[in-house]
Amino acid sequence: EYGLERPQGYSVSFHYNPHVEYHHFGSSHPMKPWRLTLTKQLVLSYGLEYTMDLYEPRPANFNELNIFHDREYLSYLSEITPQNAKPDDPQYIAYGFGGDSNDCPVFDGLWNYVSLYTGASMSAAYNLLNKQSDIAINWSGGLHHAKKNLASGFCYVNDIVIAIQLLLTQHQRVLYIDIDVHHGDGVEQAFESTDRVFTLSFHKYGIDRHGWPFFPGTGNIDEMGPKDPANRGKAHSLNIPIDDGIDDHQYKYLFKTVTSKVIEKYNPQAIVLQSGADSLGGDRLGRFNLNIKAHGSCIETVKSFGRPLILIGGGGYTPRNVARTWCHETAVCVGATLHNDLPTHIPYLQAFQGDENGGGILYPDLHNTKRHDNLNTDAALQKLIEKAMENLRYMEG
Ligand code: ZL4
Ligand code: CA
Ligand code: ZN
């Protein structure tokens with residue numbers, strides 16, 4: 001009815017616990033869990049629920065989060081509330097809640113929130129392990145900055161690391177790919193000493209005109225993991241630093257060239273793809289000029305290799321475009337084509353009419369929401385690709 005074509009034989013599962021939607025980081029905080037409500041509504045209004053297996057996963061428990069995180073950190077995280085938080089407490093600061101940074105606020109239901117998104121990533125991983133799905137989707141996860149004893153950049157628990165740990169119980173080599181506009185530093189660091197996980201992140205990198213590095217300030221092309229030749233993790237990270245304003249054509253070419261080479265060389269048995277939507281044009285925090293279909297072409301590229309795949313969310317700070325992108329990418333997974341006119345019966349239709357160019361449609365032109373000049377020349381990107389290919393030669397087998 002809405003332009004659905006026959007699915008192409010991939011078994012896709014959708015892992016989502018709606019309780020995650022009701023958490024608030026604070027009124028003006030850019031991370032808005034209700035973008036997941038919008039995403040779900042779009043997915044349902046296009047009828048995509050009939051093309052996938054739907055799961056409502058239970059929250060992860062303390063011992064499951066302890067697969068990666070320290071007990072002491074988790075105890076603190078499980079007990080802290082806005083009422084009992086002491087901003088001068090050394091632990092509060094050491095665990096990443098303090099400073100003048102309001103990146104990681106303590107809000108009501110914080111422990112419940114982290115348990116819900118991590119439970120969904122675990123459920124996705126178990127579906128790959130049981131061979132129940134070829135592709136398992138969790139749009140509520142992808143919190144790639146969390147460290148084992150540190151909250152960072154809106155991330156408190158690293159659901160990606162925990163999902164990859166589960167995949168490693170059966171798979172020898174797992175590839176992690178990250179197209180969030182920020183560097184996937186937490187996942188890279190967690191696996192820096194193993195050759196069983198290769199991490200690949202594409203991100204904005206550089207210093208702005210006020211001298212501030214783009215968060216988290218790491219991920220230059222020469223950062224390839226430990227340099228010590230005795231360390232098994234050596235050369236098992238690849239970082240692709242990009243400047244403001246990259247366009248569809250450039251990003252698609254860069255992603256396809258680099259990712260294809262990594263998959264060919266590393267030959268992973270499973271792939272985890274973090275699809276942060278803050279790399280879209282017009283994102284509140286991002287700096288790129290990508291359209292929804294260019295972002296989605298990265299999912300198509302990865303899917304075409306036919307490896308078991310977990311597709312996970314991440315950043316994305318213009319909620320209507322996050323929902324559009326993740327709905328489109330859900331359709332890419334099941335092999336459906338969606339009509340550009342939004343279904344008229346969606347409950348949140350007004351949310352998609354707020355913008356200049358996108359009233360009532362799925363694929364507005366975000367490149368023209370242009371707020372960032374393209375500072376990437378084709379010549380500079382070609383050099384970057386050459387450097388990436390050179391880095392890959394340091395990886396054994
Ligand atoms: C905000 O308006 O670059 C937090 C964060 C809270 C509400 C009111 C408080 C005002 C923008 C960001 C004070 C805000 C101070 N509120 C923010 C160095 C910084 C220190 C904190 O997509 N200030 C830190 C983190 C990044 C920094 C990006 C991306 C996550 C992911 C995966 C994390 N931190 C400078 C900023 C606001 C806020 C407005 C903000 N924080 C923008 N960029 C950051 O990769 C999910
Ligand atoms: Ca990234
Ligand atoms: Zn991000």
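Derivation of every value follows stated rules applied to the coordinates shown; laboratory data play no part. From a predicted model like this one, the values you see are computed outputs, not experimental measurements. Backbone-built Cβ (ideal geometry, glycine too); neighbour counts: all protein chains shown.
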Using only Cα atoms, what is the ratio of the radius of gyration of the stretch 1-144 to 2.2 N^0.38 Å?
-> 1.22
Enumerate the calculated ³J(HN,Hα) couplings along the stretch 139-147 in order (Karplus 6.51 cos²θ - 1.76 cosθ + 1.60, θ = phi - 60°), each rounded to whole Hz, writing x wherever the residue is Gly or Pro.
-> 5, 7, x, x, 8, 7, 8, 4, 9
How high is the relative contact order of the chain, in percent, with contacts defined as C-alpha pairs under 8 Å that are six or more residues apart?
-> 20
How big, in percent, is the set of alpha carbon pairs in the chain lying more than 29 Å apart?
-> 40
Scaled radius of gyration (Cα, divided by 2.2 N^0.38 Å) that the stretch 252-394 gives | 1.15
For the stretch 39-93, average projected area of the Cα convex hull in nm² = 6.5
So for the chain: antiparallel DSSP bridges make up what percent, rounded to the nearest 5?
-> 10
If amide H atoms are modeled at 1.01 Å from N in the peptide plane, then the residues at a separation of 5 or more from residue 290, or on another chain, having amide H under 5 Å from its own are 281
Could you calculate the FRET efficiency of residue 337 with residue 232 from 1/(1 + (r/R0)^6), where r is the beta carbon distance between them and R0 is 51 Å, rounded to 0.05?
-> 0.70
Translational diffusion coefficient, Stokes-Einstein: compute it for the stretch 78-184 using the Kirkwood radius over C-alpha pairs as Rh, at 25 °C and 0.890 mPa s, and state it as an integer in µm² s⁻¹.
-> 162
Distance violations [Cα-Cα > 18 Å] among 204/234; 204/227; 204/252 | 204/234; 204/227
Please state, as a whole number in µm²/s, the translational diffusion coefficient that the Stokes-Einstein equation yields for the stretch 311-359 at 37 °C and 0.692 mPa s, with Rh defined as the Kirkwood radius across alpha carbon pairs.
-> 274
The stretch 61-73 - phi-based ³J(HN,Hα) in whole Hz, Karplus 6.51/-1.76/1.60, Gly and Pro as x | 9, 3, 5, 6, 5, 5, 3, 10, 8, 5, 4, 5, 4
Interchain or sequence-distant (5+) residues whose placed amide H lies within less than 5 Å of the amide H of residue 147 are 152
The exposure ranking of 110, 285, fewest beta-carbon neighbours within 10 Å first, is 285, 110
Per-peptide average of other Cβ atoms within 10 Å, ordering 378-385, 220-227, 276-283 highest first | 276-283, 220-227, 378-385
Scalar couplings 3J(HN,Hα) for the stretch 199-214 by Karplus 6.51 cos²θ - 1.76 cosθ + 1.60 (θ = phi - 60°), nearest whole Hz, x for Gly and Pro, are 10, 10, 10, 9, 6, 5, 9, x, 10, 7, 6, 9, x, 8, x, 5
Taking the dipole about the Cα centre of the stretch 9-103, with the C-beta of Lys and Arg at +1 and of Asp and Glu at -1, give me whichever of 84, 39, 24 is farthest to the positive side.
-> 39
Among all the lysines, which ones have a C-alpha under 22 Å from residue 40's C-alpha, if same-chain residues fewer than 8 places away are not counted?
-> 32, 293, 303
Once amide hydrogens are built 1.01 Å from N within the peptide plane, the residues lying 5 or more places from residue 137 or on another chain with amide H under 5 Å from its amide H are 13, 14, 15, 311
Hey, rough spin-label estimate for residue 380 and residue 353, points 7 angstrom out along Cα→Cβ, what's it come to in nanometres?
-> 4.1
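Please find the FRET efficiency linking residue 256 to residue 172, where r is the Cβ-Cβ separation and R0 is fixed at 22 Å, and quote it to the nearest 0.05.
E(calc), rounded to 0.05, equals 0.30.
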